[in-house]
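What follows is a set of notes on a single structure, which appears directly below.
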Amino acid sequence: MRPRPFLITLAVSAAVAAQPPIVALPAPTHPAVTLRIVFRAGSVDDPPGKEGLTALTAELMAEGGTVRRSAAELHQVLYPLAAEVDVAVDREMTVFSGRVHRDEFATFLPEFLDVLTRPRWDPKEFARLRDDAENELVRQLRTSDDEALGKAVLDRMLYPHHPYGHPIVGTVAGLRALTLDDVKAQAARLFCRARLIVGIAGGYPDSAVATLEAGLTALPPGAARPEVALPPVPDGPKVLIVEKEAEATAVSMGFSWELSRRDPDFPALWLAFSAFGEHRQFTGRLMNRLREQRGLNYGDYAYLESFVQDHWGTFPRPNIARSHQFFSIWLRPVEPANRLFALRAALYETDKLVKQGLTDDEVEGTKRFLAGYSQLYTQTDRRRLGYAIDDLFNGTPGHLAKLQSALTHLTTAQVNAAIRKWITPQRLRIAIVTKNGAELVRELASGEPSPIHYPSPKPQAILEEDRTIERFPLPLKATDIEIVSAKQLFEK
Amino acid sequence: MRALITSSILLLASAAQATTFPFPMQSETLPSGLRVVTVPMDSPGLFAYFTLVRVGSRNEVEPGHTGFAHFFEHMMFRGTERFPAERQAQLTRDLGLHSNAFTWDDETVYFYAGPKTALPQVIEMEADRFQHLKYAKEAFQTEAKAVLGEYNKDFADPAMKMEEALLDRAFVRHTYKHTTIGVLADVLKMPEQYDYSLQFFRRFYRPDNCTLFVIGDFDRAAVLKTIRAEYGAWRGHAEPAAVPIEPPQTQERSATVDWPSQAKPRVLVGWHTPEAGTQAAAVQKVLGPYLFGEASPLYRELVLERQLVESFEVAYLDDDRPGHRDPRLFYYQATAKRPNDLPAVMAAVDRAIAALANGQVNAQLLSDVKRHLRYGLLTSLETPTRVGEFLSLVVAPTGDLGALDRLFDQMAGVTPAALSSFAQQYLVPTHRTTVTLMVKEKK
């Protein structure tokens, strides 16, 4: 095949203060046009007592119709085009995305611009979407998705009394406190030109960038976002057990850290985390030791940044960048009988990673893995735009390419030094969603061994290692462990 | 060696309105019956390599073995003599590959994606594991526990329980009675099924039951040469699975699923409908979005105006499959805002179906739905992996590459009268099974 027959140009006009930066990635042969309109705003901008305001505001804009068309009328126009209008709200970034076949772009663009600049603020849609948000907390997160619940609880543990800590969708009390006026004011404050990054990619016509830019001048000017401060995290429980009728036990653990993509240690840690726990691949140690060797669960992964899987794929979702990051480990649900063993196995592996580091083979193999695998990160226009926009947000131009190139120079010693410097297992906070929580509290506090029984013979080396794991010290006092009913979570 | 028996160039990229698969595709069948389909597309330096095996939970005909096709998919990662599991994982890592697999009712699909320099070794590894899979009993038993973990992960969601209940109630004899992951009792017994697993491999993992799809940036001649060499010795014929025929349903059925906490209220309703490849299957691809899509009157009434429903899920919507290999179900799931609203929701759906059966068809909406489906497909096939997934799922039910063309033609040909007669014939109470979620909190 011939090489790609189009040019990728990255036009960034950030130098002109009044002009929002534009990322343009033309690909004339592509059948679709992809838009990503990103605001440096997210749930971190929810005022205290109004948790969920940013997400509801964005949802109401994306779904609730425009001045010209009600929600139903907008569907009538967009549906035949298979045009997508979507919104994704994260902690510090909100992405309004649009996608349409290039033949229909001219019809689509004015509608999409109206969504952003002339929302309908329909009270009925406000009520509908606020109900949905509350249901998401009360009837979904608390009851029907234990893995997401574990992660939401970990957020709360890592950032108590900080807007990073509440679910992006909000809290029950926060949502109930919201009014349509709150939503309008939040839109004017957050979804403004001063916080805007514009992205367009794919088979768009030459005139599209100018039309898009002109259309977005109707956004309020607004003010640049304030720095996101992270005051020292107060001591909370080291372990929070969420009591719930659940067949299996979900575990998430982590601690906040100030690692950024600009940090010189970032490439070394990128490699280290891939070797330790690459998301949904069989290359990581955690996956290998916990699932492959011991059959404890479906998967075990580790992350150096806030991570959300992109749709059904395995790659990281772009545009969830934030000012303060955290380290985390995710154990997919384990049988309750093995919950303590699995937790100890993860702690043991973390401890071993810090004390003994990665081997030369792991470092060299992971370099090769990432050199290939990470090329798949930017295969679509949507993801290419996402990465370029993250680079603007983070101030890291060409981040992925630089990471790929940095890999070649990394040494095992550098990687292991970065691991030792950054990973402090003593700081881990642990969220556990399980039934019979009181029994787990007792087991955790007692420090008694938690042996595992396999349905099949195991190699001697694993059985010996198990004897260390089942006794792996848990430096916990009874006061370090709290238990809460799932029903009580996210009230306020 | 001249291995080429049949070679056809399928010109699917024609400008015909109905045909929307946008890439050229060439197919060749080796003497063993293994079919190799090559699809070049613009993805500089990157490829995807898919293996479709026409085996799924449909093939699980022996009692006590539900979930086995999926479990077996896991075992395919447990190595061979030449590439033991650790070596396989290490090579995948060293070649920088994305590797995964999935199993559904009619198919098991394996894939690799990555830099094209890795393609010869991928072919070598895949050819080896499909011919010479070999794992120890201990590895088998360990993997069975990982499958239990997958079951546990999925069943924290009441939607899975409801699907399980719908299939169990709607089917009496056919293997579509169980979900792909299997019933818990069988999943728990999986560690005991080592010998059966060897038999399963022999019965279904045969060249004439498989199709390779090579997609992206590659040299076709070189790829075919390597494939012929690496798979050349693979022999044998797949056994047909003796899947029982489902007797017609003659009475309405229902079931409830208990859930121990306040989950979102929902109802799942399914009707028996024909298999893929038929005109009726094409009708149901269109019918889902026609009845429940965002431009439908039901969506407008129940989601936006009366606000009884939070969302609908519908069979074959956002699903590449053109239908199933055997007759299965057309279904919808309504997630309601409040439990008491479910009867009103079902009544509104019944009214919409009755109107359809009565010949009241909105021709403009039908045309909008067809346009939506065509554009949706054209804009979704962005990466080799996505194209591989799409082709595997479209081809799996009938095994016929022409299914792709036919489906688009048939969908384009769905008339108002066809929708109406489908509703009259299939969406009737005697073919229907209804599953409702009941919250039963412990005091």
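Just so it is clear, none of the values below were taken in a lab; they were calculated from the coordinates. Since the structure is predicted, the reported quantities are computational estimates derived from the model, not experimental observations. Every residue, glycine among them, receives a Cβ derived from its backbone with ideal geometry; neighbour counts consider all protein chains shown.
Overview of results
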| read-out | value |
| --- | --- |
| Region A:223-276 versus region B:195-257: alpha-carbon centroid distance in Å | 43 |
| Residues with amide H under 5 Å from that of B:Val257, placed H, sequence gap 5 or more | B:Thr436, B:Leu437, B:Met438 |
| Approximate spin-label separation B:Glu313-B:Val172, in nm, with each point projected 7 Å along Cα-to-Cβ | 2.8 |
| Alpha-carbon radius of gyration plus Dmax, which is the widest Cα pair, for the protein assembly as shown in Å | 27.1, 76 |
| Within 10 Å of each Cβ in A:80-86, the average number of Cβ atoms from other chains | 5 |
| Global geometry of chain B, whether rounded, prolate or oblate, following the gyration tensor of its Cα atoms and the 1.5 cut on a/c | oblate |
| Residue mean of other protein chain beta carbons inside 10 Å, A:56-63 | 0 |
| Dipole in debye (nearest 20) - chain B, about Cα centre, beta carbon charges: Lys, Arg +1; Asp, Glu -1 | 260 |
| Long-range amide H partners of A:Leu25 with built H, under 5 Å | A:Ile200, A:Ala201, A:Gly202 |
| Model label zone, B:Glu138; criterion: amide N under 14 Å from point 7 Å along Cα-to-beta-carbon; scope region A:459-492 | A:459-466 |
| Karplus-derived HN-Hα couplings along region A:316-331 (A = 6.51, B = -1.76, C = 1.60, θ = phi - 60°), whole Hz, x at Gly and Pro | x, 6, x, 6, 10, 5, 7, 6, 10, 10, 9, 9, 8, 10, 10, 9 |
| Max mean-square fluctuation residue, GNM over chain B, Cα-Cα springs under 10 Å, options B:Arg306, B:Arg173, B:Arg253 | B:Arg306 |
| Calculated FRET value between A:Asp86 and B:Lys225, using beta carbons and R₀ = 30 Å, to 0.05 | 0.10 |
| Karplus 3J(HN,Hα) series, Hz, for region B:347-353 with 6.51 cos²θ - 1.76 cosθ + 1.60 (x for Gly, Pro) | 5, 5, 5, 4, 4, 5, 5 |
| Burial ordering of B:Arg82, A:Arg332, fewest other beta-carbon atoms within 10 Å first | B:Arg82, A:Arg332 |
| Candidates B:Lys137, B:Lys153, B:Lys189: whichever shows maximal mean-square fluctuation once chain B is modelled as a Gaussian network with Cα springs under 10 Å | B:Lys153 |
| Fully extended contour minus Cα-Cα distance, from A:Gln309 to A:Asp361, at 0.36 nm per residue | 15.9 nm |
| Region B:297-317-region B:418-441 distance, computed between alpha-carbon centres (Å) | 16 |
| Cα-projected label distance for A:Thr29 with A:His161, points at 7 Å along beta-carbon direction, nm | 5.9 |
| Shielding by other protein chains, A:46-54, mean Cβ within 10 Å | 0 |
| Trypsin sites (Lys or Arg not before Pro) restricted to region A:209-264 and DSSP loop, no more than 12 other C-beta within 10 Å | A:Arg262 |
| Fully extended contour minus Cα-Cα distance, from A:Ala401 to A:Asp181, at 0.36 nm per residue | 74.8 nm |
| Intensity falloff of region A:220-377 expressed as log10 I(q)/I(0), Debye formula with alpha-carbon point scatterers, at q = 0.08, 0.11, 0.15 Å⁻¹ | -0.27, -0.51, -0.92 |
| Whole-angstrom Cα spans of region B:6-231 along principal axes, big to small | 48, 47, 33 |
| Largest-first principal axis extents of the Cα set of chain A (Å) | 68, 55, 40 |
| Selected from B:Leu298, B:Leu184, B:Leu166 as most flexible by GNM, with chain B as the system and alpha-carbon contacts under 10 Å | B:Leu184 |
| Hz values of 3J(HN,Hα) by residue in region A:249-256 - Karplus curve (6.51, -1.76, 1.60), Gly and Pro given as x | 10, 9, 10, 10, 9, x, 8, 6 |
